[in-house]
1. Taking the condition touching a helix residue (DSSP H, G or I) at 6+ places or on another chain (Cβ under 8 Å) and surrounded by fewer than 17 Cβ atoms within 10 Å (Cβ to Cβ), does SER89 pass?
2. Pick from the stretch 125-160 the residues that are among the basic types (Lys, Arg), more than 24 Å from VAL84 (Cβ to Cβ) and at pLDDT 95 or above: which of them is nearest to the chain's Cα centre (by Cα)?
3. Among the residues of the stretch 21-33, what is the count of those that are surrounded by fewer than 19 Cβ atoms within 10 Å (Cβ to Cβ) and part of a helix (DSSP H, G or I)?
4. Return the residue satisfying two criteria in turn: it lies in the stretch 57-70 and is surrounded by fewer than 24 Cβ atoms within 10 Å (Cβ to Cβ) and over 13 Å from the mean Cα position of the chain (by Cα), and of such residues it is nearest to GLU42 (Cα to Cα).
5. Go through ALA118, ALA111 for me and flag whichever is closer than 20 Å to MET1 by Cα, of a type outside the set (Asp, Glu) and in contact with an Asp or Glu (Cβ under 8 Å, 6 or more places away or on another chain).
6. Would you mind finding the one in GLU29, GLU42 that is without any contact (Cβ under 8 Å) to a residue 40 or more places away in the chain, within 26 Å of ALA135 (Cβ to Cβ) and not hydrophobic (A, V, I, L, M, F, W, C)?
7. Answer yes or no: is there a residue in the stretch 7-15 that is in contact with a Pro (Cβ under 8 Å, 6 or more places away or on another chain), in contact (Cβ under 8 Å) with a residue 24 or more places away in the chain and in a helix (DSSP H, G or I).
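The values are calculated or read from the model by the stated rules, or taken from the named source; none is laboratory data. Since we're looking at a predicted model, the values are computed, not measured. Cβ atoms come from the backbone with ideal geometry, glycine included; neighbour counts cover every protein chain shown.
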Amino acid sequence: MKVAVIMGSISDMPVMQEAIDILKAFDIETEVDIVSAHRTPEKLFDFSKNAHHRGISVIIAGAGGAAHLPGMVASMSPLPIIGVPVKSSNSIDGWDSILSILQMPGGVPVATVALNGAKNAGILAAQIIGSHNKAVLDRIILYKTGLKEAVNIASETLNK
């Protein structure tokens, strides 16, 4: 099981690194690349049409501004696509990215996380893989138990 984490520009890397980090924490193999929908359309087509042939199970695609990358990948790939809207330097407070990824036409779904929400994209990709991989599922259960314990500890500390 492998997850591809792609982004439209190297400037998206600080946001997308959170997806890479959480996938590594779940011991899920990742492939990372820059695939620009506007500047490298041939690479986009090749990547989208062939990712499943290369063992990719889920694709996380982050993009800012017009943010066409996740939707274009979804239009050509049979795999689940998770879109990460990125607030970029040319963004309108991130809303352009959010709406470009979120408002997909019927038949071309993109699961969309919050603005700069790459960590949640990584967790969602792990949950998709965990739905048919017990080892990954067990790591997700452990992770979520850790979240619960952290809240309980914070609550106890606050109430002392």
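1. Working: touching a helix residue (DSSP H, G or I) at 6+ places or on another chain (Cβ under 8 Å): yes; surrounded by fewer than 17 Cβ atoms within 10 Å (Cβ to Cβ): yes.
Criteria met by SER89.
2. Residues of the stretch 125-160 among the basic types (Lys, Arg): 134, 139, 144, 148, 160.
Applying the additional criterion that residues be more than 24 Å from VAL84 (Cβ to Cβ) yields 134, 148, 160.
The next check asks that each one be at pLDDT 95 or above; those that pass are 134, 148.
Values: LYS134: 21, LYS148: 23 Å.
Among them, the one singled out is LYS134.
3. 3
4. Start the filter on the stretch 57-70 by keeping residues that are surrounded by fewer than 24 Cβ atoms within 10 Å (Cβ to Cβ), which leaves 57, 65-66, 68.
Restricting the remaining residues to those that are over 13 Å from the mean Cα position of the chain (by Cα) gives 65-66, 68.
Values: GLY65: 20, ALA66: 18, HIS68: 14 Å.
So the residue we want is HIS68.
5. Numbers: ALA111 fails: in contact with an Asp or Glu (Cβ under 8 Å, 6 or more places away or on another chain).
Step by step, each of ALA118, ALA111 is checked, and only ALA118 is closer than 20 Å to MET1 by Cα, of a type outside the set (Asp, Glu) and in contact with an Asp or Glu (Cβ under 8 Å, 6 or more places away or on another chain).
6. The unique qualifying residue is GLU29.
7. Taking the stretch 7-15 as the starting set, the residues that turn out to be in contact with a Pro (Cβ under 8 Å, 6 or more places away or on another chain) are none.
No: zero hits.
Here is a yes/no grid of residues against (1) free of Cβ contacts under 8 Å to residues at least 24 places away in the same chain; (2) buried (at least 16 other Cβ atoms within 10 Å of the Cβ); (3) basic (Lys, Arg); (4) on the phi > 0 side of the Ramachandran plot:
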{"site": "LEU79", "(1), (2), (3), (4)": "no, yes, no, no"}
{"site": "GLY83", "(1), (2), (3), (4)": "no, yes, no, no"}
{"site": "TRP95", "(1), (2), (3), (4)": "yes, no, no, no"}
{"site": "ILE101", "(1), (2), (3), (4)": "no, yes, no, no"}
{"site": "ALA126", "(1), (2), (3), (4)": "no, yes, no, no"}
{"site": "HIS132", "(1), (2), (3), (4)": "yes, no, no, no"}
{"site": "ILE141", "(1), (2), (3), (4)": "yes, no, no, no"}
{"site": "GLY146", "(1), (2), (3), (4)": "yes, no, no, no"}
{"site": "LYS160", "(1), (2), (3), (4)": "yes, no, yes, no"}
